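In what follows, a structure is listed as structure tokens, so that the remarks can point back to it.
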Amino acid sequence: MLIGELAEQAGTSTRALRYYETHGLLRAGRSANGYRVYDDAELRVVREIRTLLGIGFALDDIRPFVDCLRAGHPSGDVCPDSVAVLRRKIAEVDAGIDRMREVRDRLHAQLTVAIESRENTCSSRTC
């Protein structure tokens, strides 16, 4: 299929497909007239790429999933390298959640101090 057909079926742009190709994630042949030609398996690869990008993976993180699909597996997340990326991403998300909890706790503490300070100030005069 041509690049426009693949883009339409995958719900993306031809520009995105060319970008994936330059990063080695997508494979295209060339027709006699120089047009990019993709086989049907590339649709599955593009869908995997878009799904992973949609949940926050970087292109470099996606490579093991694409390699797993290309190795003939029904899913890109069953290979050891993909599982390692998933574990690393979960650890990153957990660390981010911990940081956000710390920020929330500090904000709550600051709010409590601000309210107490305001109440003390206002009790001695009308606010």
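A short reminder: the numbers here are calculations on the coordinates, not readings from a lab. Keep in mind it's a predicted model, so treat the numbers as computed, not measured. When we count neighbours, we look across all protein chains shown, and the Cβ atoms used for this are built from the backbone with ideal geometry, even at glycine.
Worth a mention:
- ³J(HN,Hα), Karplus 6.51/-1.76/1.60, whole Hz, each residue of region 90-100, x for Gly, Pro: 4, 4, 5, 5, 4, 5, x, 5, 4, 4, 5
- Between residue 83 and residue 13, the C-beta separation translates, for a Förster distance of 22 Å, into a calculated FRET efficiency of about 0.10.
- When each of the peptides 42-53, 24-35, 91-102, 8-19 is scored by the mean number of other C-beta atoms lying within 10 Å of its residues, the order from highest to lowest reads 42-53, 8-19, 24-35, 91-102.
- Summed residue charge, Cβ within 14 Å of residue 111's Cβ, Lys/Arg positive, Asp/Glu negative: 0
- Converting phi to 3J(HN,Hα) with the Karplus coefficients 6.51, -1.76 and 1.60 and the offset θ = phi - 60°, region 111-120 yields 5, 4, 4, 5, 5, 4, 5, 5, 5, 5 Hz in sequence order, with x at every glycine or proline.
- A Förster radius of 30 Å combined with the Cβ-Cβ distance from residue 97 to residue 60 puts the calculated FRET efficiency at roughly 0.85.
- Dipole check for the chain: with +1 at the C-beta of Lys and Arg, -1 at the C-beta of Asp and Glu, and the Cα centre as origin, the magnitude is about 300 Debye.
- Full extension of the chain between residue 51 and residue 115 yields a length gain of 18.6 nm, computed as 0.36 nm times the residue separation minus the alpha carbon distance.
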